[in-house]
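The values are calculated or read from the model by the stated rules, or taken from the named source; none is laboratory data. Here the structure is a predicted model, which means the values were calculated and not measured. Cβ atoms come from the backbone with ideal geometry, glycine included; neighbour counts cover every protein chain shown. Each accessible area value is taken on the protein alone, full model and side chains, heavy atoms only, with ligands, DNA and RNA left out. Shrake-Rupley method; radii C 1.70, N 1.55, O 1.52, S 1.80 Å.
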Amino acid sequence: MAESRVVYGCMGLGGGWDREAWTAADVDHARQAVEAALEAGITVFDHADIYRHGKAEAVFGELLARDPGLRGRVTLQTKCGIRLPEDGRIGWYDLRGSSIVQRVEESLTRLRTDHLDTLLLHRPDPLADPEDVAEALTSLHRQGLVRQFGVSNMSAPQIARLQRPLELPLMANQLEMSLHRRDWLESEVLVNTVAGAELGFPVGTVEYCTERGIQLQAWGPLAKGRFTGDPRTEADRAAAALVAELAEQYGTTPETVLLWWLRRHPAGIVPVIGTSRPERIRACRDAVSRDPALTHEEWYRLWVAARGQLLP
């Protein structure tokens, strides 16, 4: 995987979640976000073909067309495998080989580039044939259209099943991980407890990825502002107060403290920030430029504060 401490998630670019055409204002909004990310030291940009019904990729492609030197400064990652509801049809998951190839070709057209640095399979498709998927990915790689592959929202057994017929290694797994969404962590610690039985996250996925060099990418790492200005519960407020205290102590921002909390984990977690507000993107700068300063105890204090109770 490309060396990266933080990835910029482009879900917020491209205007509304509708079929309306993107506008000059949408491109300017995207330009400001991308410039802020680059200023913060972020060079990996994460897309999906469904984001804003394709408009996130399209406005980014417009930026690449306007600045020919930009493509050489960024790493492009996108995802495919989800079909959104439209025209009265249901939404569904689609990892048929022919569909993967088609969706990649469409993403390349919108992004106005001749290759993707990374393609992630967005969600598990229970009807997917791993041999068919492997054939499609191998073809895309041999044509030079995609350099490397990974998955998103998948468990260890699902990754293993896709990997068996595929000679190319799967390089990343993108999961929701944050101080708020802690089941990836608590499923490991709460083994043999009643609380652990109530968690749905597949035990062993973090270890599986770590052992095989599969980069763990954390989407939603800032938890939609729960700990940086929009607390929803008493536990949120307690954790937000501690986040602010630690930010002041270390001379950084609350956003950085939240990203440090993830990066402090030995699995080498790479947060994918999704805000499109330039000032909030810049607030993550220290998470890129500085190693996590949190002590062992401070890391646990944040965890306990967010849970609202002591660990068993």
For Gly9, enumerate residues with amide H under 5 Å from its amide H, sequence gap 5+ or separate chain, H modeled in the peptide plane.
Asp46, Ile273, Gly274
What fraction of the Cα pairs in the stretch 162-289, stated in percent, has a spacing above 26 angstrom?
28 percent
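Taking all protein chains as present, what is the carbon and sulfur share of the accessible area of the stretch 224-312, in % to the nearest whole number, probe 1.4 Å?
The computed percentage sits at 50.
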So how do 3-12, 262-271 stack up, highest first, on mean other-Cβ count within 10 Å?
3-12, 262-271
Most mobile of Tyr93, Tyr208, Tyr250 in a GNM of the chain (Cα contacts under 10 Å):
Tyr250
Kindly provide the helix-only [θ] at 222 nm of the chain, computed as the sum of -39,500 (n - 2.57) over DSSP H runs of four or more divided by all residues, to the nearest 500 deg cm²/dmol?
-12500 deg cm²/dmol
Taking the Cα-to-Cβ direction at Glu167 and at Asp28 and moving 7 Å from each Cα, how far apart do the two end points lie in nm?
5.1 nm
Give the angle, between 0 and 90 degrees and rounded to the nearest 10, that separates the Cα long axis of helix 130-142 from the longest principal axis of the Cα atoms of the chain.
70 degrees
Using a 1.4 Å probe on the protein heavy atoms only, what accessible surface does Trp219 show? Give it in Å² to the nearest 10.
80 Å²
Which of Asp291, Asp236, Asp67 ends up with the largest GNM mean-square fluctuation for the chain, with Cα atoms connected below 10 Å?
Asp67
Using the basic label-point model (7 angstrom from Cα toward the beta carbon), what is the Asp129 to Gln143 distance in nanometres?
1.9 nm
Report, in whole Å, the centroid distance computed from the Cα atoms of the stretch 22-37 and the stretch 166-225.
32 Å
Approximate spin-label separation Arg112-Val189, in nm, with each point projected 7 Å along Cα-to-Cβ:
4.7 nm
At 1.4 Å probe size, with every protein chain present, just tell me what the per residue accessible area of the chain comes to in Å².
45 Å²
Rounded accessible area of His115 (nearest 10 Å², 1.4 Å probe):
20 Å²
Just subtract the alpha-carbon distance of Ala241 and Gln102 from 0.36 nm times their residue separation and send over the number in nm, one decimal.
45.3 nm
Other-chain or far-sequence residues with amide H under 5 Å of Leu116's (modelled H):
Val146, Arg147
